[in-house]
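Read-outs throughout are calculated quantities, based only on the coordinates presented, and are distinct from any laboratory measurement. Keep in mind that this is a model prediction, so the values were computed, not measured. Positions of Cβ are backbone-derived with ideal geometry, glycine not excepted, and every protein chain shown enters the neighbour counts.
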Amino acid sequence: MRKLLIVGNWKMHLNASQASLLLHRLSERIKIHHDIEVVLAPSMLALQPLSTQIDRRKFRLASQNAYFHDEGAFTGEVSFTMLRELVHYGIIGHSERRHIFDEDLNMVRDKVAAAIRNEITPILCVGETKHERDEGETKQVLHDQLMTALSNLTAHEVGKTVIAYEPVWAIGQVAAKPDQVEAAVTYIRRYIGDVFNELAAKKVRVLYGGDVAPEVIHGLLAVPGIDGFLIGHSSLNYESFAGIVEAAHRWQRNRRSSGEGE
Ligand code: PGA
């Protein structure tokens, strides 16, 4: 059974001391769960101090971004090589990076390869805009994003990555409906099965992101094939985020005791 993964993307919020305080509050509320991985993605600046504070049995760290070259004259950038002692995961291709910072498909592909080269697990974000959905292009967009981003990877490497389906129209707006999430998650896994192999499709973890809040968590947890969530604004509120983690843990425990999902 794939382990549930819950990722808090703190975006450009919280300075280092505020981040440390939020981690402290989360540590008080979140227990050690062996069936869930909880990952925090603070700003680049807070990664180092949080890495010394964190209880590694409860949390892992992720970067929100990094550059694809390992080192060199790239003013203002931080490489995955520099992050490899600090983070387990790297968020790559978030729609804010694609749309605000013009990251194109090839750059996302090179970042995925750089993360893998540095033994950091990519959390690759894919998803369509509202216009693309309205035009019926969702599958084509997912296809193009996956095809480019994963093109330098072996099936074994793809099996170890995480793909986050984040429809751009849902982020910070309104959670996608469970059937919309299911269709995308199924498409992503089928794509990986067809292009790589069935083992990679079985192993890859597929998350949903976009306005995930405690109120919608149960509906989303029930979506077949979903392995967790990438959470933005609700991850900045310790009660909401801890509530989501505990709800996911209870759900996972019930599923296991009823013999499902083996
Ligand atoms: P949201 O953000 O939960 O605030 O919608 C999700 C994301 O951007 O990863």
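A compact table of results
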item	result
Fully extended contour minus Cα-Cα distance, from His24 to Asp104, at 0.36 nm per residue	25.1 nm
Alpha-carbon Rg with Dmax, taken over region 1-93, Å	13.7, 44
For the chain, built as a Gaussian network whose Cα springs stay under 10 Å, the top-fluctuating residue of Val185, Val141, Val245	Val141
For peptides 22-35, 107-120, 211-224, sequence by mean Cβ density within 10 Å, most packed first	107-120, 211-224, 22-35
Residue order, fewest to most beta carbons within 10 Å, for Leu50, Leu230, Leu199	Leu199, Leu50, Leu230
Estimated 222 nm signal from helices in the chain, with DSSP H stretches of n ≥ 4 weighted -39500 (n - 2.57), rounded to 500	-13500 deg cm²/dmol
Mean-position separation - Cα centroids, region 196-247 and region 111-186, in angstrom	14 Å
Inter-site label distance for Lys130 and His13 at 7 Å from Cα along Cβ, in nm	2.1 nm
Greater than 20 Å apart at Cα, pairs in Lys3/Lys160; Lys130/Lys177; Lys11/Lys202; Lys3/Lys202; Lys11/Lys111	Lys11/Lys202
Pairwise label distance in nanometres, His143 with Arg2, each label 7 Å out on the Cα-Cβ vector	2.2 nm
Three semi-axes of the equivalent ellipsoid, the chain, Cα gyration tensor, whole Å, largest first	24, 24, 18
